[in-house]
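Colleague: Here it is, the structure, as structure tokens.
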Amino acid sequence: MLTVALPDELEAAVVTAAHRSGQSVDEYVAAVFADALSLEIDRARLDSFLAGTPGVAHERARAWLSDLADGKRTECPR
């Protein structure tokens, strides 16, 4: 379990967004955190690539992008 103290204004915005999305606050915050962590993983991979780590084959990247366009969110290929 994790407890996070938010400023009142931010907490109200989170509660509103959760209700608007049809999720509980816990579900909404978990989804937001998962998205943010996914972005951080992708940023770390980009930094690694820019530092010289070999990239992903074009076909694997294209298949992932095609799935993403079809609404199938999966982790970016390595």
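Colleague: So in the range 41-54, with the set limited to residues that are surrounded by fewer than 10 Cβ atoms within 10 Å (Cβ to Cβ) and not aliphatic (A, V, I, L, M), which one is modelled with the lowest pLDDT?
Modeller: The selected residue is Pro54.
Colleague: Need pairs with beta-carbon distance below 8 Å; first residue of a type in the set (Lys, Arg) and within the range 34-46, second surrounded by 10 or more Cβ atoms within 10 Å (Cβ to Cβ); sequence gap 6+ or separate chains.
Modeller: If the second residue must be surrounded by 10 or more Cβ atoms within 10 Å (Cβ to Cβ), the pairs left are Arg45/Cys76; Arg45/Arg78.
Colleague: Now, a different point. Only one of (1) in a helix (DSSP H, G or I); (2) within 14 Å of the chain's Cα centre (by Cα) fails for Ala12. Which number is that?
Modeller: Result: Ala12 passes all but (2).
So that you can scan it fast, the table gives a plain yes or no per residue for (1) over 30 Å from Thr3 (Cα atoms); (2) hydroxyl-bearing (Ser, Thr, Tyr):
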{"residue": "Ser24", "(1), (2)": "no, yes"}
{"residue": "Ala30", "(1), (2)": "no, no"}
{"residue": "Ala44", "(1), (2)": "no, no"}
{"residue": "Asp47", "(1), (2)": "yes, no"}
{"residue": "Ala51", "(1), (2)": "yes, no"}
{"residue": "Gly55", "(1), (2)": "yes, no"}
{"residue": "Arg62", "(1), (2)": "yes, no"}
{"residue": "Leu65", "(1), (2)": "yes, no"}
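Colleague: Restricting the range 47-62 to residues that are in contact (Cβ under 8 Å) with a residue 12 or more places away in the chain and not in a loop (DSSP other than H, G, I, E, B), which is nearest to the chain's Cα centre (by Cα)?
Modeller: Across the range 47-62, the extreme among qualifying residues is Ala61.
The values are calculated or read from the model by the stated rules, or taken from the named source; none is laboratory data. The model shown is predicted, which means the values in this text are computed figures rather than measured ones. Cβ sites come from the backbone with ideal geometry, for glycine too, and all protein chains shown count toward neighbours.
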